[in-house]
Amino acid sequence: MPVSVVWFRQDLRLADHVPLQKAVQSGLPLAFVWVEDPRWSLQESLGFPRIGPHRRQFFAGCLAALDRELERGGHALHVLRGEPAEVIPAWLERLGGGQVFAHREPGTEEAAQEAALERVLPVDWAWGKTLVDPADLPMPVTDLPRIFTDFRRKAEAVVGRSPVLPAPDLSAIPAAPLVPTEALAAWPVVGGAGSGGPGAGAQAQGRLVAYMADGGPIIRYRETRDALMGEDSSSRLSPWLASGTLSAREVNAALVAHEERCGSSEHTKWFRMELLWRDFFQLVALQQGRRLFLRRGFAGRSTVASGAASETARARFDAWRAGTTGQPLVDAAMHELAATGWLTNRARQLAAWYLARTLEVPWTWGARWFSSCLIDDDVASNWGNWAYLAGVGNDPRPDRHFDLAWQTARHDPDGAYRRAWGTWAEPG
């Protein structure tokens, strides 16, 4: 008997999951699969793993949480290793055939995997990466405005048009026959920190509820969002958005509920604007394709950040990565990143700008290091932000400058961050 297969990718949730809803509506037994991309085990040419321990640890926790949630509904998460176009069809044949339901992802490698799979199997694709569905925008993705402000004006008019879908009751749906695959516990996880953990889904929902509670941290968001330290300085929801444990629509629904109880404010409006910034970079990745990953970027500009990969550049990159540049604020940020897999948005901006604009190192090297380390790595947000700061992306001011002395005085006036993550001691 044929089955309906849900292929989980960066969407490790049951709620607000269009492919899952379509699979349920098919009326066929369900099977759930996650495929470990063989590229995850590769080393970058720059000498570090493509997926570092913190990122791996967090994602493994999110997978484990999804597996337990499926188990409570009488189902299981199957783990395959290899190219999806090879391993999914072979596994599906053992199940008796059927159709695959999955979300599309931005990024050229992801698109190549999608194209390869649909050449050999029927695939029902959906889009679930953004708050605003691209189909609701008044222009195709190919005509996406280059400047965020122009995009935001158009996107704000259609926010909320796509409702949040509830998680289905899987206990009422038959499971496909069990075909042995790799055990989830066998997925190699070493070291690392972060907040993935065995209860990642519950943690994500708990954090969202706490952050959006009456009197919760959301009421100070615009004032605290640039802080370098503090658990509540930002929402800290980005790791769960990156893994897909939470969807952007779920986060916005919690924000709307807060506004209905407490009223809208500059803080809630600013938070929603940040969700739209995330949307913008997801759509930019779709629009630009491989050009997003080119050193010269896609804006048609030549900057020092797209310079030559010289021995001097490599030495500067290694010092930046190790936190030994001699710039205390940047070095502290790099120490925190290596130790935790996390940086606040302000710290990311300063570290990225310093590498690309002051050290004149190719910005793509920094993007790869961030991608290896960050527990909230997202191909579109990471590479889009790096291109923006390097002046080869969507920044309307390609000569944007950060005065590190001024930034330090504003964001770390008492030296708490530099002392916490660096070797800095206040003079005198």
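Quick look at the values:
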| read-out | value |
| --- | --- |
| Within the chain: Cβ-based charge dipole about Cα centre, in debye rounded to nearest 20 (Lys, Arg +1; Asp, Glu -1) | 760 |
| Antiparallel bridges, percent of DSSP beta bridges restricted to the chain (to nearest 5) | 10 |
| Beta bridge orientation in the stretch 1-126: antiparallel %, DSSP, nearest 5 | 5 |
| Highest-fluctuation residue, A299, A135, A387 considered, GNM on the chain with Cα pairs under 10 Å | A135 |
| DSSP-assigned coil residues among GluC sites (Glu not before Pro) in the stretch 29-101, each with at most 16 further Cβ atoms within 10 Å | E44 |
| Positive dipole terminus of the stretch 1-126, leading residue within F101, W125, I51 (C-beta point charges) | I51 |
| Proximal charge balance of P362 [Cβ under 11 Å; K/R count +1, D/E count -1] | +4 |
| Ranked H401, H75, criterion: other C-beta atoms within 10 Å, fewest first | H401, H75 |
| Whole-number Å³ per residue for the convex hull built on Cα positions in the stretch 294-421 | 95 |
| Partners for K154 among lysines (Cα-Cα distance below 22 Å; same-chain residues under 8 apart left out) | K129, K269 |
| Of A339, A390, A172, the one that fluctuates the most in a GNM where the chain has Cα springs shorter than 10 Å | A172 |
| Length-normalised contact order for the chain - Cα pairs under 8 Å, 6+ apart - percent | 20 |
| Listed residues S243, F281, V159: farthest to the positive end of the dipole of the chain (Cβ charges) | F281 |
| Relative pair counts by distance (%), Cα atoms of the chain, 10 Å bins | 4, 21, 31, 27, 13, 4, 0, 0 |
| Counted charge near P138, where neighbours are those whose Cβ lies closer than 14 Å (Asp, Glu -1; Lys, Arg +1) | -1 |
| Debye, to nearest 20: dipole size of the stretch 264-402, +1 on Lys, Arg Cβ, -1 on Asp, Glu Cβ | 420 |
| Cα-based helix-to-principal-axis angle, 379-390 vs the chain, degrees rounded to 10 | 20 |
| Relative contact order (%) - the stretch 1-126, alpha-carbon pairs under 8 angstrom, separation at least six | 35 |
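Taken together, the values in this text are just the output of simple stated rules run on the coordinates, not laboratory data. Values in this document were obtained by computation on a predicted structure and should not be read as measured data. Backbone-built Cβ (ideal geometry, glycine too); neighbour counts: all protein chains shown.
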